[in-house]
Amino acid sequence: IGVGLVGFGLFFLLFGILLYFDAVLLAFGNLLFLSGLVFIIGFRRTFTFFFQRPKLKGTSFFFGGLVVVLMRWPILGMLLEAYGFISLFK
């Protein structure tokens, strides 16, 4: 279930970007991706991954970008999410 949710999340993110940053598709893709991550590694491990002391900057940018996308500013939100994603997984 988790791998399917992550796959659909990535599909909706890609499809939202291809349709000129459609805010609804991007928001839906983000929510599916995060819920799939919780299903794959569990809630506690997901929480501890995102809220480790050295990764708080990346986490804040990632979730801040998610909030900005939900507020219908998709280009700025995706830029914030991309920076947060890069700093989280470097």
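The values are calculated or read from the model by the stated rules, or taken from the named source; none is laboratory data. Model, not experiment: these values are computed from the prediction. For neighbour counting, all protein chains shown are included, and Cβ atoms are generated from backbone atoms with ideal geometry for every residue, glycine included. Protein only, heavy atoms only, side chains kept; ligands, DNA and RNA dropped before computing areas. Shrake-Rupley method; radii C 1.70, N 1.55, O 1.52, S 1.80 Å.
Springs between alpha-carbon pairs under 10 angstrom, Gaussian network model over the chain: which of R45, R53, R72 fluctuates most?
Looking only at R45, R53, R72, the largest GNM fluctuation is found for R53.
Hey, what's the chain come to in accessible area per residue, 1.4 Å probe, Å²?
Using a 1.4 Å probe on heavy atoms only, each residue of the chain averages 66 Å².
Normalised by the residues of the range 2-90, what does the relative contact order come to in percent, with Cα pairs under 8 Å and at least six apart?
27
Between the range 74-90 and the range 26-51, what is the separation of their alpha carbon centroids in Å?
15
Would you work out which of L10, A23, F61 lies farthest towards the positive end of the dipole of the chain? Charges go on Cβ: Lys and Arg +1, Asp and Glu -1.
The residue sitting most towards the positive pole is F61.
For the pair Y20 and K90, how long in nm is the line joining their label points, each one 7 Å along Cα→Cβ?
The answer from the label model is 3.4 nm.
Once the other residues with Cβ under 14 Å from the Cβ of G16 are scored (Lys, Arg +1; Asp, Glu -1), what is the net sum? Intermediate results must be reported in sequence, preceding the final value.
Values: positive: R72; negative: D22, E81.
In short, -1.
Counting alpha carbon pairs within less than 8 Å and at least 6 residues apart, what relative contact order, in whole percent, applies to the range 10-55? If you can, show how the numbers build up before the last one.
Details: 22 pairs, mean separation 13.1, N = 46.
Relative contact order for the range 10-55 comes out at 29 percent.
Sort 3-11, 26-34, 77-85 for me by packing, meaning the mean count of neighbouring Cβ atoms within 10 Å per residue, highest on top.
Values: 3-11: 15.0, 26-34: 20.3, 77-85: 18.8.
Most protected by this proxy first, the peptides run 26-34, 77-85, 3-11.
Please report, as a whole percent, how much of the solvent-accessible surface of the chain comes from carbon and sulfur atoms (probe radius 1.4 Å). Before the final figure, lay out each step's value.
Numbers: 4570 of 5900 Å².
Result for the chain: 77 percent of the exposed heavy-atom area is carbon or sulfur.
Treating the beta-carbon of each Lys and Arg as +1 and of each Asp and Glu as -1, no other charges, what is the dipole magnitude of the chain about its Cα centre, to the nearest 20 debye?
Dipole about the Cα centre, nearest 20: 420 debye.
Residues of the range 75-90 with amide nitrogen under 12 Å from the 7 Å Cα-to-Cβ point of Q52?
Under 12 Å, as judged by backbone N against the label point of Q52, lie 88-90 of the range 75-90.
Per residue of the chain, what 222 nm ellipticity follows from adding -39500 (n - 2.57) for every DSSP H run with n ≥ 4, rounded to the nearest 500? Kindly include the intermediate steps, with their values, before the conclusion.
On the way: 5 runs with 74 residues, N = 90.
Only helices count here, giving -27000 deg cm²/dmol.
Indicate the gyration tensor shape class of the chain (rounded, prolate or oblate), computed on the Cα atoms with a ≥ b ≥ c the square roots of the eigenvalues: a/c under 1.5 is rounded; otherwise a/b larger than b/c is prolate and the rest oblate.
On the way: a/c = 2.21, a/b = 1.22, b/c = 1.82.
Since a/c reaches 1.5 but b/c is at least a/b, the shape of the chain is classed as oblate.
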